[in-house]
1. Regarding region 262-269, can at least one residue be identified that is in a strand (DSSP E or B), modelled with pLDDT of 95 or more and surrounded by fewer than 20 Cβ atoms within 10 Å (Cβ to Cβ)?
2. Considering each residue of region 67-118, count those that are within 21 Å of W148 (Cα to Cα) and β-branched (V, I, T), and give that number.
3. Report the residue count in region 152-182 for those that are surrounded by fewer than 20 Cβ atoms within 10 Å (Cβ to Cβ) and either β-branched (V, I, T) or without any contact (Cβ under 8 Å) to a residue 60 or more places away in the chain (or both).
4. Go over the candidates S317, S286 one by one and state the one that is of a type in the set (G, A, S), modelled with pLDDT of 95 or more and within 27 Å of R63 (Cβ to Cβ).
5. When region 88-125 is examined, which residues are found to be modelled with pLDDT under 90 and either at positive phi or buried (at least 18 other Cβ atoms within 10 Å of the Cβ) (or both)?
6. Would you confirm, using the coordinates I've provided, whether G87 is farther than 22 Å from K211 by Cα and among the small types (G, A, S)?
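The values are calculated or read from the model by the stated rules, or taken from the named source; none is laboratory data. Values in this document were obtained by computation on a predicted structure and should not be read as measured data. Don't worry about glycine lacking a Cβ; one is built from the backbone with ideal geometry, like all the others, and counts go over all protein chains shown.
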Amino acid sequence: MATIERVHIDTERNLLDVLDKVHEISAETVDPTHVFTVSQVYEGLLLKMGEKGNDGGQFLTPRQMIKAVIRVLDPKIGEVMYDPCAGTCGFLIEGYEHMRQRLGKKITAEQIETLKRRTFYGREKENTIFPVALANMILHGIDEPHLWHGNTLTGGETYGGLFLDAPGLYDVIGTNPPFGGKEGPEAQTHFNFKTGATSVLFLQHIIASLKKGGRCGMVIDEGVLFRTNETAFVQTKRKLLDDYDLWCIVSLPGGVFSAAGAGVKTNLLFFTKGKPTEKVWYYDLSDIKVGKKKPFTLEQFEEFFKLLPKRADSERSWTVTRKQIEEKGFDLKAVNPNANDTSDKRTPAELLDVIEAKGREVAASMTALRQSLR
């Protein structure tokens, strides 16, 4: 049995020295370059939960991806940000960090109060994650985390005391709705386009929650983009294109969420409320290999950020018009026209000829082997 190490404070002088050191700790004395703050430790614990496939992993979006989304959305002080399925509140926290860093030392006391108390709103359903999310926001400096506890899709409230003065519409939404979930009739009654698909209902909720001129960056499973055989999927995508400018889709690598136990292929959607979509700019990261030993990093977005201002074409990027999307029945899946086509173009008859030829080679080799044994 392994021994347990303990540190003993065995004199009054030692105890007083420890108390003096603890008393010296404050936000002003902590050097973030050399010391991990409590919020960083907390984030690390949440990450480990995800890596080990525990319950917390499904609520943790890779921070590097969140940073990329927030950089594109560029939220500013005075704008109100929302996440309808907040999980551990990664999007809201990164939005807070982005706004603070944007102003740097020029930030005023009034702006700090706005950030800490009147900017960030979210909803979370899970009982075990709601207190984790509250703690995460507070540890990162958001003094009044306006989190609503309940089912966003049904409206069923567990606790709404922190959400009493929440606005109905928002300037910025950053979010990662659940993948592959199914909802019952109670949730579907709140939406125009009826479906049991959780991600489609969340997309409807999100597009209804933006102010005019408001913008959204969200993760979505690829099935929502390419499915054209279910009416609600098509109607939701048509609504998105009719009333919102869906100006960018990023095709993500397949292993981005593998650490959280989800092998679902995902994409990023960026859209703005106010005018219909005329064309969509795509960027393809799907060929990048991602795993536990090779995580997704912000550096993999470098070319994306260079091309983004002009939405230029490259080996990874291209543009599709609204007409082309309609001709495909509102299939929005990213299909890179510049990617090398490695698919097998042989006909069934040609493949049978190959199999037959290989069979003859095997038979000849077996005959030669038998003869050598005689």
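1. Start the filter on region 262-269 by keeping residues that are in a strand (DSSP E or B), which leaves 266-269.
Right, trim to modelled with pLDDT of 95 or more and you get 267-269.
Pick out the ones that are also surrounded by fewer than 20 Cβ atoms within 10 Å (Cβ to Cβ) and you get none.
No, region 262-269 has no match at all.
2. Result for region 67-118: 4.
3. 17
4. On the way: S286 fails: modelled with pLDDT of 95 or more.
Every option except S317 fails the conditions.
5. T88, G104
6. Details: farther than 22 Å from K211 by Cα: yes; among the small types (G, A, S): yes.
Against the criterion (farther than 22 Å from K211 by Cα and among the small types (G, A, S)), G87 qualifies.
A quick yes/no check of all residues on (1) farther than 28 Å from L246 by Cβ; (2) in contact with a Ser or Thr (Cβ under 9 Å, 6 or more places away or on another chain); (3) exposed (fewer than 10 other Cβ atoms within 10 Å of the Cβ):
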{"residue": "T297", "(1), (2), (3)": "no, no, no"}
{"residue": "F304", "(1), (2), (3)": "no, yes, no"}
{"residue": "P309", "(1), (2), (3)": "no, no, yes"}
{"residue": "R346", "(1), (2), (3)": "yes, no, no"}
{"residue": "M366", "(1), (2), (3)": "yes, no, no"}
